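Just so it is clear, none of the values below were taken in a lab; they were calculated from the coordinates. As the structure is a computational prediction, the values presented were derived from the model and not from experiment. Using ideal geometry, Cβ is built from the backbone for each residue, glycine included, and neighbour counts are taken over all protein chains shown.
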Ligand SMILES: NC(=O)c1ccc[n+]([C@@H]2O[C@H](COP(=O)([O-])OP(=O)(O)OC[C@H]3O[C@@H](n4cnc5c(N)ncnc54)[C@H](O)[C@@H]3O)[C@@H](O)[C@H]2O)c1
Ligand SMILES: [Fe+2]
C-alpha cells in the first residue's frame, strides 16, 4: 500500500505578498494575525507590503521576530506563549525553514496545553492533540527546505542536539510561493539551499521504506526545475523566472520527501550543523556526492540514480547523475571540503559517532551504513 499527503491549497504568485489580505481570506478565526519570522528577514523589508495589506484590511497584526536559524526550543516555546496571549486567529510563518518550522510548532502549541518536548518524535503530536492547531499559512523566503509543505519541524534542543516533530497536524492550511521574496537571497544561500532541495528529491526517490509513485513523480519534476534554474539563480539573482522555478522545485521536493523521507545524506549532514553550525544546505552539499558514490554500489540505488539521470536527459547511469551533482556544486561555488568550513580530520570520529545514531533517516537509505562506512565518507571529503 502507498499513502501520500500534502498541503491542499498552494498559491504561486510572484509579488503575491502585497495582496496578503486576499491570500489569508477564509483562514483566520478572528481579526488577529500573528506573523512568525526572524530579524534578518524582517530587516530586509520583505514583510512590509504584506503587513500594510493586512492592516488596511482591518486586521490587528503581531510580529514575533525572535526566531533564529535552527530554532531553539526556548524561542519556539516563547513564541507559542506570545501568540496565545495575543489571541491570534491565524499564524503566518514567513521566512526560511527556521521561521516556518517555528510557526508550525507555535500554531500547534498555542492551541494545545502540552510542552514542546512532549511532542518530539513521529506521530506523537497528533496523539497529544486536544484541539486543532491555529490556522496556518506558510510563505517561504528561501527555496530549499520545502518546509512549507512538510509535516516536519526541526528544533534545536541543546548545544549540538536537535529533535524533530513529525506529525500531520503540522501540514499547513495554505502556502503562498512569492518568488519576488527570494530575489535578494545571497548567492551562497541560493546555492546551498537549492542543493538541499535537490538532495530532498534525490533521497525521496531512493527512500526504501515509503518510496511511492506520487513522490517519485514529484521528485523527478522537482529535479528538472531545480537543475534547470539553480546556476541561473546564483549567477543572475534578479531572474524572476529562475527564482520562481527554484521555489516551485523546492516545494515539489518537499512534497516528495514529506512522504518518502530522506536518507544518509541528511544523516551525515546533521552532525556538521549540530557541532559546527554549518548551514543545513551546505552540510548536505558537502556530503552529497560521496554518499551517492557509496550508495551506487547497491544495485537498487544504482538503478534509481540511473532512472533520475535518464529523466534529466543525461546518460542513463548512476555515474552520470553523480557527475552532474559534482558539476552543479562547482558551478554554484559551494565549498567542497570539510576543511573549507573549518572542520578538522580529528573531528571526524566524533561526527561519525553522532551520525550513526541518526536512525530516523539512515533507515530510509538504500544501502545500510556502518560506523566504518560513515568514517570513510567523511575522510573522503576531509
Ligand atoms: N521542516 C522541514 O521539512 C525542514 C527541511 C529541511 C530543513 N529544515 C530546517 O530549516 C532550517 C534551515 O532553513 P533555511 O535554509 O531556509 O534557512 P533559515 O530559515 O535558517 O535562514 C537562514 C538565513 O537566511 C536569511 N534569509 C531568509 N530569507 C532571506 C531572503 N529572502 N533574503 C536574504 N536573506 C534571507 C535569514 O534571515 C537567516 O539569516 C533548519 O533549521 C533546518 O533544520 C526543515
Ligand atoms: Fe534538507
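Quick notes on this structure:
- In this structure, residue 323 and residue 123 have a Cβ-Cβ separation that, at R0 = 51 Å, corresponds to a calculated FRET efficiency of about 0.85.
- Potential lengthening of the chain between residue 337 and residue 30 amounts to 105.4 nm, from the contour at 0.36 nm per residue minus the alpha-carbon distance.
- Applying 1/(1 + (r/R0)^6) with R0 = 35 Å to the Cβ-Cβ distance of residue 376 and residue 214 gives a FRET efficiency near 0.50.
- Between region 164-187 and region 204-240, the Cα center-to-center distance that results, in Å: 15 Å
- DSSP beta bridges in the chain [antiparallel fraction, %, rounded to 5]: 20 percent
- For the chain, the mean residue ellipticity at 222 nm estimated from helices alone is -15500 deg cm²/dmol, where every DSSP H run of n ≥ 4 contributes -39500 (n - 2.57) and the total is divided by all residues, rounded to the nearest 500.
- Using the average count of surrounding beta-carbon atoms within 10 Å as a protection proxy, the listed peptides 202-209, 232-239 rank, highest first, as 202-209, 232-239.
- Ordering of 79-88, 112-121 by burial proxy (mean other Cβ atoms within 10 Å per residue, highest first): 79-88, 112-121
- Angle between the chain longest axis and helix 240-259 axis [Cα atoms, degrees, rounded to 10]: 80 degrees
- Looking at region 10-181 alone, DSSP beta bridges between its own residues are antiparallel in about 20 percent of cases.
- The alpha-carbon atoms of region 190-308, seen along their principal axes, cover 41, 36, 22 angstrom, with the largest extent given first.
- Cα centroid of region 1-56 to Cα centroid of region 331-382, whole Å: 37 Å
- Segment residue 300-residue 113, length gained on full extension (0.36 nm per residue, minus Cα span): 62.8 nm
- Residue of 314, 218, 288 that the Gaussian network model of the chain assigns the largest fluctuation, springs spanning Cα pairs under 10 Å: 314
- Each residue, residue 277 and residue 130, gets one label point 7 Å from its Cα in the Cβ direction; the gap between the two is 3.7 nm.
- Distance between modelled label sites at residue 160 and residue 78, nm, 7 Å Cα→Cβ extension: 2.6 nm
- Stretching the chain fully between residue 56 and residue 86 yields a gain of 8.9 nm (0.36 nm per residue, less the alpha carbon separation).
- Working from the Cα coordinates of region 229-298, the gyration tensor eigenvalues give, after taking √(5λ), semi-axes of 25, 16, 13 Å in decreasing order.
- Gaussian network model of the chain, Cα within-10 Å springs - most flexible of 315, 344, 162: 344
- Take the Cα of residue 350, step 7 Å toward its Cβ, do the same at residue 2, and the gap between the two points is 4.3 nm.
- The long axis of helix 318-331 is offset from the longest Cα principal axis of the chain by roughly 60 degrees.
- Mean-position separation - Cα centroids, region 314-330 and region 255-269, in angstrom: 19 Å
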